[in-house]
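One structure is given here, and the rest of the page talks about it.
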Amino acid sequence: MSIKVFINGKYYDKKDAKVSVFDHGYLYGDGVFEGIRAYNGRVFKLDEHLDRLYEGIRTLMLNVKYTKEEMKEIVLETLRKNNLRDAYIRLVVSRGEGDLGLDPRKCPEPTVVCIASKITLYPQEMYENGLKVVTAATRRNVPEGVNPQIKSLNYLNNIMAKIEANLAGVPEAIMLNIDNYVCECTGDNIFIVKDGKLITPPTHSGILIGITRNAIIELAQEMGIKVVEQIFTRHELFNADECFLTGTAAEAIPVVNVDGRPIADGKPGIITKTIIKKFRQLVQSEGTEIYPEEKQGDE
Ligand code: PXG
């Protein structure tokens, strides 16, 4: 069965799911997106993803006609139309179709797309043995420009950093901010463990405030682990006891080597492993139900 894609109020088969070349999302990267996961019939942190999407929408002054509640229903209905219980959801809101020229006033109506599909994850082996990563020369963009808190359709800095990772033969790259502090990865936030404490860069260092990051902070605090949002350098990263990345696609995944330096003994740490386990339990047990008519225990 072909997947059904939502575009501006209608569902299209994958082969017919097309957006105009005059859409300013395509022409200028003018728009925002979200990557969301569903596990076991529930959408994880849907409200948080929609809050972040609508913050970007407000800042970019996109004239979206759907309320947050309606957008929520679009996500759930797209999952139902595709009979999915475990999925990766991509919501895209672009400026819409308009004549050439940057001016957003050329575009009367934003384009809203919702794709629900299967997800390809890092291989299980990487969760067990951890990732090798490198630091990219390309910096994360500055908050004074396009604020990294906006999950915008312009990901070029991150894509350049991803190319650097590809060239180095590793799956991810660490991005620094212009002050040389560790910021995040191309599509994941970063945590280190030092002396039993979790440390992650603060919002003002120029990161996307990851939904997974926030969930992990909460989880760690519930486990009695101290969490601090604090800037740190590559030196501190090289000398951390443990390191892991968090993101909707990756969930939580250990990092065992940065720029050729093994992190501690070069194996995933105990706190990292515990957090990964707890996070996996969490995603299976909470979220917005896609099929609320299903009886409990009916699965
Ligand atoms: N930093 C950046 C720059 C991201 O793009 C994260 C951190 C993690 O945020 P969340 O909210 O997911 O915990 C992201 C998220 C994709 C894809 O298709 C990218 C992300 C999420 C899902 C899918 O490449 N980026």
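The values are calculated or read from the model by the stated rules, or taken from the named source; none is laboratory data. Owing to the predicted nature of the structure, the values given are computational and were not obtained by experimental measurement. Here the Cβ is made from the backbone with ideal geometry for all residues, glycine too, and neighbour counts use every protein chain on show. We work out accessible area using only protein heavy atoms, side chains counted, and drop any ligands, DNA or RNA first. Shrake-Rupley method; radii C 1.70, N 1.55, O 1.52, S 1.80 Å.
Determine whether K68 is within 22 Å of D51 (Cα to Cα), in contact (Cβ under 8 Å) with a residue 12 or more places away in the chain and either away from the ligand (no atom under 16 Å from the Cβ) or surrounded by fewer than 14 Cβ atoms within 10 Å (Cβ to Cβ) (or both). Walk me through it before giving the result.
Numbers: within 22 Å of D51 (Cα to Cα): yes; in contact (Cβ under 8 Å) with a residue 12 or more places away in the chain: yes; either away from the ligand (no atom under 16 Å from the Cβ) or surrounded by fewer than 14 Cβ atoms within 10 Å (Cβ to Cβ) (or both): yes.
So K68 passes the test.
Conditions (1) modelled with pLDDT of 95 or more; (2) hydroxyl-bearing (S, T, Y); (3) under 23 Å from A17 (Cα atoms), marked per residue:
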residue: Y54; (1), (2), (3): yes, yes, no
residue: V75; (1), (2), (3): yes, no, yes
residue: A87; (1), (2), (3): yes, no, yes
residue: G101; (1), (2), (3): yes, no, no
residue: R105; (1), (2), (3): yes, no, no
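Do you know which residues across the stretch 77-113 are away from the ligand (no atom under 14 Å from the Cβ), open to solvent by less than 50 Å² (accessible area, probe 1.4 Å) and touching a strand residue (DSSP E or B) at 6+ places or on another chain (Cβ under 7 Å)?
Within the stretch 77-113, T78, L79, N82, L84, V93, S94, R95, G96, C107, P110, T111, V112 meet the criteria.
Name the single residue, out of those in the stretch 137-146 being touching a residue at least 40 places away in the same chain (Cβ under 8 Å) and within 12 Å of the ligand (Cβ to nearest atom), that is most open to solvent (accessible area, probe 1.4 Å).
The selected residue is N141.
Take the residues in the stretch 37-51 that are in a helix (DSSP H, G or I) and out of contact with any helix residue (DSSP H, G or I) (no Cβ under 7 Å at 6 or more places or on another chain), then tell me which one is farthest from the ligand (Cβ to nearest atom). Walk me through how you get there before you give the answer.
At the first step, the residues of the stretch 37-51 found to be in a helix (DSSP H, G or I) are 46-51.
Restricting the remaining residues to those that are out of contact with any helix residue (DSSP H, G or I) (no Cβ under 7 Å at 6 or more places or on another chain) gives 47, 51.
Numbers: D47: 13, D51: 11 Å.
In this case the residue turns out to be D47.
Within the stretch 165-272, which strands (runs of 3 or more DSSP E) (wholly inside it) include 3 or more residues that are over 21 Å from the mean Cα position of the chain (by Cα)? Before you say what the answer is, go through the steps one by one.
Values: elements: 172-176, 182-185, 189-194, 197-200, 227-229, 242-247, 251-258.
It comes to 251-258.
For E218, indicate whether it is surrounded by 15 or more Cβ atoms within 10 Å (Cβ to Cβ) and within 16 Å of the ligand (Cβ to nearest atom). Quick ask: steps written out before the conclusion?
On the way: surrounded by 15 or more Cβ atoms within 10 Å (Cβ to Cβ): no; within 16 Å of the ligand (Cβ to nearest atom): yes.
No: the conditions fail for E218.
Would you mind stating whether N129 is open to solvent by 10 Å² or more (accessible area, probe 1.4 Å), of a type in the set (S, T, N, Q) and in contact with a Pro (Cβ under 9 Å, 6 or more places away or on another chain)?
On the way: open to solvent by 10 Å² or more (accessible area, probe 1.4 Å): yes; of a type in the set (S, T, N, Q): yes; in contact with a Pro (Cβ under 9 Å, 6 or more places away or on another chain): yes.
Yes, satisfied.
With the condition kept exactly as written, say whether any residue in the stretch 151-158 is surrounded by fewer than 16 Cβ atoms within 10 Å (Cβ to Cβ), within 11 Å of the ligand (Cβ to nearest atom) and outside the structural domain of D51 (by TED's automatic domain parsing).
No; the residues of the stretch 151-158 include none that is surrounded by fewer than 16 Cβ atoms within 10 Å (Cβ to Cβ), within 11 Å of the ligand (Cβ to nearest atom) and outside the structural domain of D51 (by TED's automatic domain parsing).
Those residues that are over 20 Å from K151 (Cβ atoms) and either surrounded by fewer than 20 Cβ atoms within 10 Å (Cβ to Cβ) or within 14 Å of the ligand (Cβ to nearest atom) (or both), I need them from the stretch 192-215; list them, please. Give the steps one after another, and end with the answer.
Just the residues of the stretch 192-215 that are over 20 Å from K151 (Cβ atoms), to begin with: 192-199.
Selection gives K194, D195, G196, K197.
Name the pairs: first residue in the stretch 35-60 and free of Cβ contacts under 8 Å to residues at least 40 places away in the same chain, second residue of a type in the set (A, V, I, L, M) and surrounded by fewer than 21 Cβ atoms within 10 Å (Cβ to Cβ), Cβ to Cβ under 9 Å, at least 6 apart or on different chains?
Going by the 9 Å Cβ cut-off, the qualifying pairs are Y54/V64; I57/V64.
How many of the residues in the stretch 221-246 are open to solvent by 10 Å² or more (accessible area, probe 1.4 Å), in contact with a helix residue (DSSP H, G or I) (Cβ under 6 Å, 6 or more places away or on another chain) and β-branched (V, I, T)?
Residues that pass the stated criteria total 2.
Only one residue in I74, I89, I57 is within 21 Å of the chain's Cα centre (by Cα) and within 18 Å of L121 (Cβ to Cβ), so which one is that? Step through it out loud before you land on a result.
Values: I74 fails: within 18 Å of L121 (Cβ to Cβ); I57 fails: within 18 Å of L121 (Cβ to Cβ).
After applying the criteria, what remains is I89.
Considering only the stretch 14-36, state which residues are within 16 Å of the ligand (Cβ to nearest atom) and buried (at least 22 other Cβ atoms within 10 Å of the Cβ).
Filtering the stretch 14-36 for residues within 16 Å of the ligand (Cβ to nearest atom) gives 25, 29, 31-36.
Answer for the stretch 14-36, where residues must be within 16 Å of the ligand (Cβ to nearest atom) and buried (at least 22 other Cβ atoms within 10 Å of the Cβ): G25, G31, V32, E34, I36.
Return the residues of the stretch 108-147 that are touching an Asp or Glu at 6+ places or on another chain (Cβ under 6 Å) and either assigned to a loop (DSSP other than H, G, I, E, B) or in the same structural domain as V19 (by TED's automatic domain parsing) (or both); say none if nothing qualifies.
Result: T111, A136.
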